[in-house]
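Please read the structure below before turning to the comments.
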């Protein structure tokens, strides 16, 4: 993986704006985190766990029972948008956004590692983020050891957890184990980048960032929002076509607002489209009563565009949320996008 532009942890200066902290729905913790943070706070590990932690098997795709920081009301250690435990914060927070040996910012964006507003987005999305390998090896070993402990015990118990933590520290010092872990992480990084740039499922989203379309979309969103303060701008959680229908998946909050503005309304659809690397990217404005109401993006392989189901002079979009609720908005095709 090569690129003329790269960024490393030592050259990235976190603005400590609290943006990523405020958007985290779950913060993964390791046994090392629990023991280290509790010690610095002057607490017993068991007391720290009961107050600040929870276990769940629903916050990761593998279905593993893991330990997480309770963040229902936001991170409990975020004070005035600053991390109050910055010097000894969880290892996943300390590594952010350098979670992989190397990765383009475009792939990190697709993965959701980079949140909107992070200072690293000032770099081109083609920039390769190259991490320090030793801290990443630490994180991988800590997470794996914690997964093993939770699989065996099913819960956190201070006595048994301390025994496992002692074993973990021995593993962290094992040079052979560290070398194997590094090679695993490097192989995963190479495969991940190749998959996200070339696999049909991820390619459209990855190239959206690499092509420059996303920055153009954000610039236009800012311009329109300045002219129309009530405009709803959203970035879809996913887009695609199912049975010839245009599908736009939204976060639940955005879906609710879009439904309120669009369902059962008459309006028009204005599309500004461009083709890049065989994919058509579109900035779509929906107007109600002649005024812009919603602005979002959509993309699809150019060859699949003729398969979109259409009515003459009309554009239909199916909006969905994570609970499979859906509604269809149909408006006049002002731009002749599907003509």
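Taking 185, 210, 151 as the candidate residues, the one with maximal mean-square fluctuation in a Gaussian network model of the chain, Cα springs under 10 Å, is 151. Using C-alpha pairs under 8 Å with a sequence gap of at least 6, the mean separation divided by the residue count of the chain gives a relative contact order of 14 percent. The Cα-based radius of gyration and maximum Cα-Cα distance (Dmax) for the stretch 177-229 are 18.0, 58 Å. Shown here: the stretch 131-209, whose C-alpha atoms stretch 49, 29, 17 Å along the first, second and third principal axes, sorted largest to smallest. The long axis of helix 252-262 is offset from the longest Cα principal axis of the chain by roughly 10 degrees. Convex hull volume of the Cα atoms of the stretch 6-113, normalised per residue: 121 Å³. Sort out for me the Cα centre separation of the stretch 88-152 from the stretch 195-217, rounded to whole Å. Each part reduced to its Cα centre gives a spacing of 20 Å.
Considering only 286, 143, 328, the mean-square fluctuation computed in a Gaussian network model of the chain, springs between alpha carbons under 10 angstrom, is largest for 328. Short-range pairs are left out: with C-alpha atoms under 8 Å and at least six residues apart, the relative contact order of the stretch 178-328 is 23 percent.
Across all directions, the shadow cast by the convex hull of the stretch 276-339 built on its C-alpha atoms averages 5.2 square nanometres. Taken along the Cα-to-beta-carbon direction at a fixed 7 Å, the label points for residue 153 and residue 73 span 2.8 nm. Against the chain, whose longest principal axis comes from its Cα atoms, helix 175-198 is set at around 0 degrees.
Relative to the longest principal axis of the Cα atoms of the chain, the long axis of helix 200-211 lies at roughly 80 degrees. Values of log10 I(q)/I(0) for the stretch 6-204 across q = 0.15 Å⁻¹ run -1.03, by the Debye formula with one identical scatterer at each alpha carbon and no solvent.
Rounded, prolate or oblate: pick one for the stretch 216-333, where a ≥ b ≥ c are the square roots of the eigenvalues of its C-alpha gyration tensor, a/c under 1.5 means rounded, and failing that, prolate if a/b is larger than b/c, else oblate. Rounded shape, in that the Cα axes give a/c under 1.5. Each of 208, 150, 43 was scored by other Cβ atoms within 10 Å of its Cβ. Listed from fewest to most, they are 43, 150, 208.
Remark on the chain: Rg and Dmax equal 22.9, 70 Å (Cα only). Each Cα pair under 8 Å and six or more residues apart adds its sequence gap; the mean of these over the residue count of the stretch 13-134 is a relative contact order of 29 percent.
Each reported figure results from applying straightforward, stated rules to the coordinates on display, with no laboratory input. Everything quoted here is computed from the prediction, not taken from an experiment. So basically every Cβ, Gly included, is an ideal-geometry build from the backbone, and we count neighbours across all protein chains shown.
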